[in-house]
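*Asks:* Take this structure first; my questions come after.
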Amino acid sequence: MNMTTKVKRVAAGVAALLMVAGLAACGSSNAGGASSSQDADGKITVVASINQWGSVAKDLGGDKVNVESIMKATNVEAHDYEPTSTDVATFNKAQVAVVNGADYDPWASKATEGTKATVVDAAETAGKAEGDNPHVWFSKDVREKTADAITAAYEKAMPDQKDYFEQQHKAWEEKEKAVEDKIESAKAKTKGVPYAASESVAWYLADDLGMTDATTSGYKNASANESEPSPADIKQFSDALKAGKMKVFVLNTQEEDSTTKQLIDAANKGNVPTVDLTEQMPQEYDDLTDWMSALVDDFADAVK
């Protein structure tokens, strides 16, 4: 991403935030009516920046919450997203807001400022911050800690339903444990296996699987800094794939371009299996744990 694109994105986000600030000021008085963060049906209003965390919020809240996710498609990355004034205004009515954090969705974190919402920052729950790999939903540790924080936010918003939320949390934990049990079983094949990635999107999942990131340093550093890899970086990476030095190639299909096509071709020539994935949760999945479970299978199947 070049500097011009960053400036345009920031300007658009600031304009949206300024617009919604005026709207919030005009509509902040309830004149003794119901809270703006409480739905007419008495459910907790929850807003999530991305659909994978929205799915967790739904699982944990059951029929006591109404959850809206801002980003639901796989054709736009959250850190490239330019929110509309409507998107930002949505956070103003939230009683609970779930953001990813670690500078992945800064527009969402900014939108929660000045609201009355209890904010759950997924990255922050596990001590992750700006500069760390922001794709934290791939981490079993972050998923568990974020679920704990969301449940605590629900119990704060609706304390008389604490037992209900504890039951929902227990049910979610059972699904998450099934994923983690599958990860442990898959380690029999995946532990110590070197892999390479077009981007470090699934780094946490690969780490949970005990795999070793063997992506060539020049390419990895360029990707981490959101800069274009040099021809020499691409050649070094391609040559390593052709030589079969990595046993799995992980491809973020949301960011396919001429460079990734070269890498795919190199992986094919080196007989290196490819695991395709996206950053946002694909529409065929309603649940983050189901998506993670499928990806664990994909990684295990790719290892020969």
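*Asks:* Would you say Ala111 is buried (at least 20 other Cβ atoms within 10 Å of the Cβ) and part of a loop (DSSP other than H, G, I, E, B)?
*Replies:* It is false that Ala111 is buried (at least 20 other Cβ atoms within 10 Å of the Cβ) and part of a loop (DSSP other than H, G, I, E, B).
*Asks:* Return the residue satisfying two criteria in turn: it lies in region 180-220 and is among the hydroxyl-bearing types (Ser, Thr, Tyr) and over 21 Å from Gly270 (Cβ atoms), and of such residues it is surrounded by the fewest Cβ atoms within 10 Å (Cβ to Cβ).
*Replies:* Looking at residues that are among the hydroxyl-bearing types (Ser, Thr, Tyr) and over 21 Å from Gly270 (Cβ atoms), I get Ser185.
*Asks:* Further, regarding this structure: Hey, Leu241 hits all of (1) at pLDDT 95 or above; (2) under 21 Å from Pro134 (Cα atoms) but one; which does it fall short on?
*Replies:* (2)
*Asks:* Moving on. Got a sec? Which of Asp233, Asp276 is of a type in the set (Asp, Glu), in contact with a strand residue (DSSP E or B) (Cβ under 8 Å, 6 or more places away or on another chain) and within 23 Å of Pro194 (Cβ to Cβ)?
*Replies:* Asp276
*Asks:* Regarding Leu263, is this residue closer than 16 Å to Tyr195 by Cα, in contact with a Leu (Cβ under 7 Å, 6 or more places away or on another chain) and in contact (Cβ under 8 Å) with a residue 24 or more places away in the chain?
*Replies:* Considered against the rule, which asks whether it is closer than 16 Å to Tyr195 by Cα, in contact with a Leu (Cβ under 7 Å, 6 or more places away or on another chain) and in contact (Cβ under 8 Å) with a residue 24 or more places away in the chain, Leu263 comes out as yes.
*Asks:* Further question: Look through region 69-99, keep the residues that are in a helix (DSSP H, G or I) and under 12 Å from the mean Cα position of the chain (by Cα), and return whichever of them is surrounded by the fewest Cβ atoms within 10 Å (Cβ to Cβ).
*Replies:* By that ranking, first place goes to His79.
*Asks:* Right, here's the next one. Of everything in region 181-204 that's part of a loop (DSSP other than H, G, I, E, B) and of a type in the set (Val, Ile, Thr), which residue is farthest from Ala302 (Cα to Cα)?
*Replies:* Val201
*Asks:* In addition: Quick one: in region 205-226, of everything that is modelled with pLDDT of 95 or more and assigned to a loop (DSSP other than H, G, I, E, B), which residue is farthest from Lys245 (Cα to Cα)?
*Replies:* Within region 205-226, the match that is farthest from Lys245 (Cα to Cα) is Leu209.
The values are calculated or read from the model by the stated rules, or taken from the named source; none is laboratory data. This one's a predicted model, so the numbers in the text were calculated from it and none came from an experiment. A quick note on method: Cβ atoms are made from the backbone with ideal geometry, for glycine too, and the neighbour counts reach across all protein chains shown.
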